[in-house]
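The values are calculated or read from the model by the stated rules, or taken from the named source; none is laboratory data. Being a predicted model, the structure only gives us computed values, none of them experimental. When we count neighbours, we look across all protein chains shown, and the Cβ atoms used for this are built from the backbone with ideal geometry, even at glycine.
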Amino acid sequence: MKNNLFSGILFLFILLVSACQTPDEPEPKSEYQPTPYEIEIPPGFPTDLNIPDDNPMTVEGIELGRYLFYDGRMSGRTHPDSLMSCATCHIQANSFECGIDHPEYIGGFTHGITGKPTHHVMLPLINLIWNSSGYLWNGMICSDNPVAHFRNIEDLVWMGIIVEHEMNSDTNRAKEVIQNIPGYPELFKKAFGSETVTVKNMARAIAQFIRTLTSTDSKFDRYMRGEVQLGQPELQGFVLFTTEEGADCFHCHGGSGNPLFTTNLFYNNGKDSVFDDPKDRYSITGDPMDHGAYKATTLRNIIFTAPYMHDGRFNTLDEVINFYSHNLVWTLYIDPLMHHIANGGTQLTPGEKEDLKAFILTLTDTTFINNPDFRKPEKFPDEK
């Protein structure tokens, strides 16, 4: 009897509560609800994206990252003569490299605020969202670095703030300056739920922005989509690019089956002595076969990213093609994929070199270097 009475009272209570609720009334929302951002993956491109679980892509995070990428005050300074941003060296017109004709970084060799040079020339910020094999020429920034806990693009950002050959600042000063700029605290709250500026969230935001820098609209992309045709020299160059009997480029730089035009792996490609540089791939892995090995760079927009090789030894594509044709140097550490090493190179004829270059130029993506979403914002948060 008592159980029946209790059940009846509970039933009436549930009815009363239900009657007090409006079925169409939305659930109360938290202030911190950033908008998810979906990376558009074109047909044929990899579906495996390098997005850390603790830094999902959001519209608000990308917006904040774009401001910070271009804002020299992120270096922890406010005087105009001492400002340095990511964009000081990573210039959109050069596929986010400094380029060979930079008025300050002569020949493409960059240095920090102190004047101390970077150890290697720059790598472009292209399609890094598809790179899970490590960043920098030697792959020091990678998920399985046995030497240090540098894992992803986020680590590249805070390292850029503190190292001598870049901003030469400290993280406390950087976050204090950004914290005190009107507009930024609100943007941090929208992106990460708190107005308190942290270097961790600065790095997360910039990394999100960098992951949007995708190149997918070169002439070759449009050819693969059936929108344009390649000319005869370009097609002949494509055949040379993708055959071992030809230029034999595809093992390291991919082809129609690898639209990134890099494997993102590391190779000793036969440049010369393998012991001149203490920061090659061997310095990370300790594997003797990695002496003189460096990342195979993407060939997308390669026309804008001179100088070439880790030490910037070549200024033109013609020099690079000549190197692979005639000037390879054998050592015990040469990568097995350098199939033409016994002959000093692929021995391309002048006509074949022109065809190969014609094909490589089809990888130029002017949409990328002119994309308004990648440009410097017209106004910073405190200017609105």
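Quick check on T262: is it buried (at least 19 other Cβ atoms within 10 Å of the Cβ) and either in a loop (DSSP other than H, G, I, E, B) or out of contact with any strand residue (DSSP E or B) (no Cβ under 6 Å at 6 or more places or on another chain) (or both)? So T262 fits the description; yes.
Screening the candidates N180, N172, N152, N131 for the property of being touching a strand residue (DSSP E or B) at 6+ places or on another chain (Cβ under 7 Å) and either closer than 26 Å to E38 by Cβ or polar (S, T, N, Q) (or both) yields one hit, N152.
Residues in the range 177-221 that are charged (D, E, K, R) and not in a helix (DSSP H, G or I) were compared, and the one that is nearest to F261 (Cα to Cα) is D217. With respect to the conditions (1) more than 27 Å from the chain's Cα centre (by Cα); (2) buried (at least 18 other Cβ atoms within 10 Å of the Cβ), Y267 lacks only one, and its number is (1).
Taking the listed residues L337, L317, L299, the one that is of a type outside the set (F, W, Y) and touching a Gly at 6+ places or on another chain (Cβ under 9 Å) is L299, with no other qualifying.
Can Q236 be described as farther than 24 Å from P124 by Cα, modelled with pLDDT of 95 or more and part of a loop (DSSP other than H, G, I, E, B)? No, not satisfied. Somewhere in the range 31-47, is a residue in a loop (DSSP other than H, G, I, E, B) and modelled with pLDDT under 90? Checked the range 31-47: at least one residue is in a loop (DSSP other than H, G, I, E, B) and modelled with pLDDT under 90. Listed conditions (1) buried (at least 17 other Cβ atoms within 10 Å of the Cβ); (2) assigned to a helix (DSSP H, G or I); (3) out of contact with any Gly (no Cβ under 6 Å at 6 or more places or on another chain) are all met by D355, apart from (3). Pairing each residue of the range 225-248 that is surrounded by fewer than 19 Cβ atoms within 10 Å (Cβ to Cβ) with any residue that is modelled with pLDDT of 95 or more, provided the two are 6+ apart or on different chains, yields C-beta distances under 6 Å for V228/R222; L230/Y223; P233/D355; P233/A358; E244/H339.
A count restricted to the range 105-149 and to residues that are farther than 30 Å from D217 by Cβ and touching a helix residue (DSSP H, G or I) at 6+ places or on another chain (Cβ under 7 Å) stands at 5.
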